[in-house]
Every structure is written in structure tokens, then in C-alpha cells.
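**Student:** My structure is below; once you've seen it, I'll send some questions.
The values are calculated or read from the model by the stated rules, or taken from the named source; none is laboratory data. The shown structure was predicted, so the numbers you read here are calculated from the model rather than taken from an experiment. When we count neighbours, we look across all protein chains shown, and the Cβ atoms used for this are built from the backbone with ideal geometry, even at glycine. The accessibility values were calculated without ligands, DNA or RNA, using every heavy atom of the protein model including side chains. Shrake-Rupley method; radii C 1.70, N 1.55, O 1.52, S 1.80 Å.
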Amino acid sequence: MEKLRFGLVLIVLCLSTSLVKGGDPILTFEWKVTYGTISPLGVPQQVILINDKFPGPIINGTSNNNIVVNVFNQLDEPFLFTWNGIQQRKNSWQEGTLGTNCPIPPGSNFTYHFQVKDQIGSFFYYPTTALHRAAGGYGGISVHSRALIPIPFDINPADEFFVLVSDWYTKSHTQLRKFLDSGRSMGRPDGIIINGKGGKGDGKDEPLFSMTPGKTYRYRFCNAGMKDSINVRIQGHTMKLVEMEGSHVVQNMYDSLDIHLGQCVSVLVTADKDPKDYLLVASTRFTKEPHTATSIIRYTNGNGPASPELPKAPIGWAWSLNQFRSFRWNLTASAARPNPQGSYHYGQINITRTIKLVNTAGTVDGKLRYAINGVSHVNPTTPIKLVEYYGVEDKIFKYDLMKDEYEPPAGKAEEKITLAPNVVKVTYRNFVEIIFENHEKSVQSFHLAGYSFFAVAIEPGKWTPEKRKNYNLLDAVSRNTIQVYPNSWAAIMTTLDNAGLWNLRSNSVERQYLGQQLYFSALSPKRDLKDEYNMPDNDVLCGIIKDMPLPKPYSV
């Protein structure tokens with residue numbers, strides 16, 4: 001009876017989706033989120049499983065598909081997923097962060113309901129509650145072009161493989177969270193895992209993938225880690241870069257690729273070497289003691305083990321910066337994009353607002369905190385999105401505590417950090433320039449939800465308006481994550497044309513948990529369904545608004 005009732009509910013949800021979203025195909029998933037004991041680095045530990053698997057299931061869809069994911073939270077804590085890189089057009093209700101959603105209580109379920117609208121590419125999902133990401137619970141998202149839109153490859157891949165690389169701690173997520181709550185750092189990760197496994201590297205591991213000689217394969221790589229940039233390479237093979245976080249790119253060849261926290265890329269690899277085993281190698285970058293993991297790629301009819309000699313990783317961040325400069329948007333490829341055939345001339349649009357964001361670290365009451373422009377974000381007990389929808393902002397937070405310009409204290413002076421919800425009002429549909437300035441000694445990585453942006457420049461030193469002359473205003477890659485090297489800056493541009501509440505966050509789990517994030521509130525001046533969807537009927541309610549009467553819904 002329970003299964004029948006769930007099936008009927010799901011049919012109703014699906015029908016409502018097809019009515020609202022124009023009849024596009026619907027993909028439905030039922031996920032059971034539990035704890036399990038496995039040994040990613042050879043040490044038994046508690047890990048978050050989805051349908052008894054780690055990593056979780058791959059969402060394998062096509063542009064404009066409707067995705068319905070019914071999540072049953074069988075943990076002992078509230079839980080949420082976010083869909084990293086999925087833009088959730090007009091629908092920040094499905095974003096799955098603590099600023100947009102009340103968590104799913106233990107023992108209950110929630111159905112995410114969204115469309116991969118006009119998107120293609122490689123993305124991933126992961127937990128946003130507590131420090132659950134340190135326990136796993138992540139998986140890949142592949143969004144393919146529709147059949148009528150040709151992909152810009154010389155050859156159709158024989159198959160495709162999703163590779164989730166991640167640094168990993170052998171300490172439990174609860175212990176790591178206690179470290180952060182007590183005011184100390186999580187410390188360095190203990191190793192790297194590839195699709196949930198560390199790999200012994202003794203030639204006895206089961207092969208991760210197999211390739212048929214003469215055929216070409218697509219590998220989708222994502223760095224789903226917590227602290228470190230990771231370099232990936234395949235022994236004896238070159239990789240043709242074809243896609244990056246939703247954009248087809250100019251197809252250069254690479255021996256290895258740096259993938260920073262939260263980033264995803266697609267490459268083509270041809271099985272044109274002697275038929276035997278080869279090693280997929282992943283190693284941390286910019287760390288004093290690099291960690292390395294390997295997985296076996298086996299040629300069908302292969303007749304020999306992989307060479308024990310691993311291809312070396314690059315050294316230094318200057319190499320990585322030069323690689324970034326080699327990435328270019330493919331302006332001739334058809335795909336889901338701002339405008340077809342490269343006619344979106346972002347470099348000719350007037351900038352309406354410049355926001356310079358400086359990441360800093362400091363202490364508050366003797367405890368470690370991370371900030372953006374002097375504000376360290378704290379999640380209120382009622383999600384900001386619900387607070388705005390119910391019109392009770394004055395009871396929960398203040399807008400614009402953070403200024404658009406910021407200069408941290410010089411020398412050894414202690415920065416004054418404000419603990420508060422960091423919510424920035426932005427004008428709907430304005431074209432903005434965002435500068436990330438990193439005064440620290442480690443590489444940073446930031447993700448902007450709800451949008452893709454043009455990554456126009458990364459350079460050493462401090463940003464000034466004169467630096468705009470060095471921007472790539474023609475074919476910068478449209479993506480959703482940007483790295484910032486030590487004592488350097490990065491510049492992005494985007495049109496804030498997606499109404500809703502959107503999280504800009506550090507991809508470092510520690511930094512994000514301790515405040516290095518903010519929310520952009522891009523409210524449409526009209527409460528209009530053309531701009532934004534209403535709060536879903538199944539939304540979880542909590543905090544101050546739980547027992548309040550529903551506001552008047554948006555209308556056409």
C-alpha cells in the first residue's frame with residue numbers, strides 16, 4: 001500500500017511538471033540516504049550511501065529534461081542535497097542550501113523537482129547540511145545535448161565514464177565538525193579517492209574502466225573534494241578537452257589537467273596504445289606532501305600490467321595559471337548557451353556594478369572563522385529564501401552588511417569579522433563584474449549558483465580598474481566555478497537574469513562551513529510567474545514562518 005501511495009504521488013508530481021514545463025521528458029529517481037561502513041582509504045569508517053552506494057547514482061539526462069528525485073533521509077540528522085552547476089532557472093526553491101531550503105528531517109522524505117533547462121555538461125551533487133560532504137553522499141550529473149543538436153566531436157564516443165576525484169579524511173565527519181565547532185582547522189586530508197576508492201597501486205586492483213582498442217571514450221572528471229586542487233592524467237595517453245561546466249570549449253590536447261575544487265571537465269581519450277593496463281592518476285596540487293591515487297584502465301584483450309612508473313604531476317601554480325589561459329569557449333559549436341553560434345557578445349555589455357570580494361581568515365572569540373569582505377556568514381534558523389517570500393526580513397537579517405569594496409587590515413592587525421547572514425541585494429537582469437582577490441598563500445575556489453559566468457581573467461597581484469584591458473572579452477569560457485591563486489585576483493562577468501536567491505560560496509568545505517559564503521538576492525520587481533516560480537506545495541517549512549499563513553502566490 002505504501003509503495004502504491006508513493007507511486008500515485010509521483011505520477012501527480014510528474015503530471016504537474018509536464019504541464020508547467022511544456023511536456024519535456026521526466027526522469028524519476030528514488031534515493032534512500034543511509035550510513036554505511038566502508039574503507040575508502042583502507043580504514044573502516046562511516047560513510048553516507050545513496051541506495052547503498054558510494055558514490056551515489058549518476059543522473060544521466062538530456063537538456064530540458066525534468067528531474068524528480070524523491071529523497072528519503074534515513075540519517076539521524078537533517079539533510080539536504082545541492083545540484084552543483086544546475087542553474088535551477090526561476091527555481092531557487094530547489095537549490096538545496098541552508099539559505100534556500102529547510103532541511104529534510106530524519107525519517108522523512110522530500111521530492112526535488114527541477115528542470116535542467118537549456119543546459120548541457122558535467123556537474124555533480126553533494127550534501128550541504130552539517131559537514132556531511134566529508135562523509136560522501138555525492139554523485140555525478142551528466143546533461144547531454146538533445147538529438148537535434150550536433151555535438152562538436154570528430155567522432156562519437158564509444159562510451160563515457162564519470163570520474164569523481166576527491167581528497168579524503170579518515171576521521172569521521174562528526175569528528176571533523178567538532179574540530180571546526182571548537183575553533184580549530186580540519187587539518188590536511190589523509191589521501192585521495194577515485195570514485196570512492198583509494199586504490200592500492202599494486203596492480204591487483206579491479207579495473208575501473210575498460211576500453212576497446214581503436215575506439216574513443218569520453219571521461220567526465222569532477223573534483224568533488226574538500227580542500228585540495230587535483231591534477232588528473234592517464235598513463236601513456238593524451239586528453240582532448242571538449243567541455244567544461246556546461247560549455248563546449250576549443251579542443252586542445254593535454255597531458256594532464258588541473259581540476260580545482262568544485263570544477264568539472266570532459267575529455268576524449270582514444271585507445272590507441274598497446275593493449276594492456278594503464279593507470280588513471282590523480283594527485284593533489286600545491287601541497288607540501290602530495291597525495292596520489294591510481295585506478296586501472298584496462299584494454300579489452302589486454303595482455304599486460306600497467307607500468308609502475310607514474311606520469312609526473314606539474315609543479316607550481318604558474319603552470320596551472322598558464323593552463324587556465326589556454327581554455328577558450330567554442331564559439332562555433334551548437335549547444336544550450338546564452339545565444340547560439342557565439343553571438344553573445346558579453347564584452348560589449350556595459351558593466352552596471354563591480355563587486356570586489358576579498359577572502360580572509362581570522363578569529364572571533366578565539367575561534368577560527370572565514371569571511372568575505374569582513375562578513376562571516378551565519379545561516380539563520382529560517383532559510384533566507386522563505387524569509388523573503390513571507391516578507392519578514394526585518395525579523396531575521398539585514399541586507400548589504402557587506403560592502404562592494406573592501407581592504408583588509410595591513411600588516412599583523414587583526415581583522416574585525418562580523419558574524420551574520422551575508423545577504424547582498426542585486427538588481428535583477430543587471431550585468432555585473434565580480435572580482436575575487438586572494439591575499440592568502442593557498443589556492444581558493446568559488447562557485448556561483450543559479451548562473452554561468454564568463455571567467456575573463458586571472459592574474460597575480462591586486463586588481464585595479466586598469467586591469468580590465470587584460471580581460472578576455474571574446475571567448476572566455478562560460479562556467480560556474482573559478483579558482484584564485486595565492487596573492488592573485490580573478491574576474492568574472494555575468495547577467496543576473498535568474499530571479500531568486502543564489503549562493504556564492506567557497507568550495508572548501510572548511511571555509512564554507514565557517515562563513516566564507518554569501519547570498520545574492522535577485523528579486524524580480526514583479527511577483528510574476530514569468531520571472532520566478534512559486535514556493536512548491538511540498539516545501540518543508542521551519543523556523544519563524546512555520547505556522548504563518550501562506551503569502552499571496554505569484555501570478556502571470
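**Student:** Just how much of Cys222 is accessible, in Å², when a 1.4 Å probe is used and the result is rounded to the nearest 10?
**Tutor:** The accessible area comes out at roughly 0 Å².
**Student:** If ligands, DNA and RNA are left out, what is the accessible area of Phe153 with a 1.4 Å probe, given in Å² to the nearest 10?
**Tutor:** 20 Å²
**Student:** Just by accessible area at a 1.4 angstrom probe, what is the order of Asp255, Asp404 from largest to smallest? Intermediate results must be reported in sequence, preceding the final value.
**Tutor:** On the way: Asp255 110, Asp404 40 Å².
My answer, sorted largest first, is Asp255, Asp404.
**Student:** I've got another one for you. Over segment 26-144, with every protein chain in place, what whole percent of the accessible area is carbon and sulfur at 1.4 Å, could you tell me?
**Tutor:** The nonpolar share, carbon plus sulfur, comes to 48 percent.
**Student:** Name the helices (complete DSSP H segments) of the chain with a Cα length along the long axis of 20 Å or more and a Kyte-Doolittle mean of at least 0.5, or state none. Intermediate values should be presented prior to the final figure.
**Tutor:** On the way: long enough: 2-20 (27 Å, 1.61).
Within the chain the helices that satisfy the rule are 2-20.
**Student:** Helix-only mean residue ellipticity at 222 nm, the chain, DSSP H runs n ≥ 4 weighted -39,500 (n - 2.57), per residue, nearest 500. What is it? Can you show the working numbers first?
**Tutor:** Working: 5 runs with 50 residues, N = 556.
Mean residue ellipticity, 222 nm, calculated: -2500 deg cm²/dmol.
**Student:** Then there is this: For segment 159-314, give the magnitude of the charge dipole about the Cα centre (Cβ charges: +1 Lys/Arg, -1 Asp/Glu; no others), in debye to the nearest 20. Could you put the intermediate results ahead of the total?
**Tutor:** Details: 20 positive and 18 negative charges, 82 e Å.
Charge dipole, segment 159-314, about its Cα centre: 400 debye, nearest 20.
**Student:** I've got another one for you. In segment 159-314, carbon and sulfur make up what percent of the accessible area (probe 1.4 Å)? Walk me through the numbers on the way to the answer.
**Tutor:** Details: 2840 of 6060 Å².
Carbon-and-sulfur percentage of accessible area, whole number: 47.
**Student:** So what is the accessible area of the chain per residue, in Å², with the probe set to 1.4 Å?
**Tutor:** Counting only protein heavy atoms, the per-residue value for the chain is 40 Å².
**Student:** Do any of Lys356/Lys425; Lys32/Lys200; Lys197/Lys312 go past 24 Å between their Cα atoms, and which? Walk me through the numbers on the way to the answer.
**Tutor:** On the way: Lys356/Lys425 15 Å; Lys32/Lys200 30 Å; Lys197/Lys312 21 Å.
In this structure, Lys32/Lys200 lie more than 24 Å apart at Cα.
**Student:** Can you give the charge dipole size of the chain about its Cα centre, rounded to the nearest 20 debye, using +1 on the beta carbon of Lys and Arg and -1 on the beta carbon of Asp and Glu?
**Tutor:** Values: 58 positive and 51 negative charges, 65 e Å.
With only Lys, Arg, Asp and Glu charged at Cβ, the dipole is about 320 debye.
**Student:** Suppose R0 equals 35 Å; then what is the FRET efficiency for Leu529 and Lys467 from their Cβ-Cβ distance, rounded to the nearest 0.05?
**Tutor:** Numbers: r = 41 Å, r/R0 = 1.17.
Efficiency at R0 = 35 Å is approximately 0.30.
**Student:** Remind me, relative contact order of segment 346-522 in percent, using alpha carbon pairs under 8 angstrom and six or more residues apart?
**Tutor:** Computed value for segment 346-522: 29 percent relative contact order.
**Student:** Next question, about the same structure. Among Pro311, Gly196, Asn231, pick out the residue whose Cα is farthest towards the positive end of the charge dipole of segment 159-314, where Lys and Arg carry +1 and Asp and Glu carry -1 on C-beta, about the Cα centre.
**Tutor:** Gly196
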